[in-house]
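For reference, the structure is listed below as C-alpha cells.
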Amino acid sequence: MLRKLNMHGKHLKKGDMVMVIGGKEKGKTGKILNVVKKKNRVVVEKLNFMKKHQRPDAQGKGGIVEKEGSIHISNVMLMCNKCNTGIRVGYRSLEDGKNVRVCKRCNEILDD
C-alpha cells in the first residue's frame, strides 16, 4: 500500500517559537521540542499537558506522570523575533545558494 506523504509542516523546525492559534491552549506561546512529520504534529514546551499512567520500573518509580502532548501543525503559527507576532513563512535563496525562511510581514530572515 502506497502512503501519500504530506508536505505540511516543513516550515516548522525544532527550537522555533510558535503561537497556538486553535484549541484549548489558544493564544499561548512556546518552543517546539519535537516535530512528528508523519502525523503533521509538533510538541510544544509547557503546553497541552497529558496524564500518562506509568507502570513501576525496577526502582519502583511509577504513577501518574504529566508530559506534553502533541498539537496539530494547523493549530500553531511560527513567531517572528522582530514582529513578535504569528507570521506566514516565505522562502528566499541567498547568494551562496542556501535557502532560508523569511517573515512575510517584515522580510526578516528566520534561519540562523
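The values are calculated or read from the model by the stated rules, or taken from the named source; none is laboratory data. Values in this document were obtained by computation on a predicted structure and should not be read as measured data. Positions of Cβ are generated from backbone atoms using ideal geometry, with glycine treated the same way; all protein chains shown enter the neighbour counts.
Listed values, structure above:
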item: Residue ranges of strands (runs of 3 or more DSSP E) in segment 37-112 with at least 1 members without any contact (Cβ under 8 Å) to a residue 12 or more places away in the chain; result: 49-54, 63-68, 89-93, 99-103
item: Within segment 34-55, tally of residues that are touching a strand residue (DSSP E or B) at 6+ places or on another chain (Cβ under 8 Å) and farther than 13 Å from MET17 by Cα; result: 11
item: Count of residues meeting criterion [over 16 Å from GLY27 (Cα atoms) and in contact with a strand residue (DSSP E or B) (Cβ under 7 Å, 6 or more places away or on another chain)] in segment 84-100; result: 8
item: In segment 21-51, the residues that are surrounded by fewer than 12 Cβ atoms within 10 Å (Cβ to Cβ) and within 20 Å of ARG88 (Cα to Cα); result: LYS26, GLY27
item: Some residue of segment 59-76 being surrounded by fewer than 12 Cβ atoms within 10 Å (Cβ to Cβ), within 18 Å of CYS103 (Cα to Cα), of a type outside the set (Val, Ile, Thr) and at pLDDT below 95; result: no
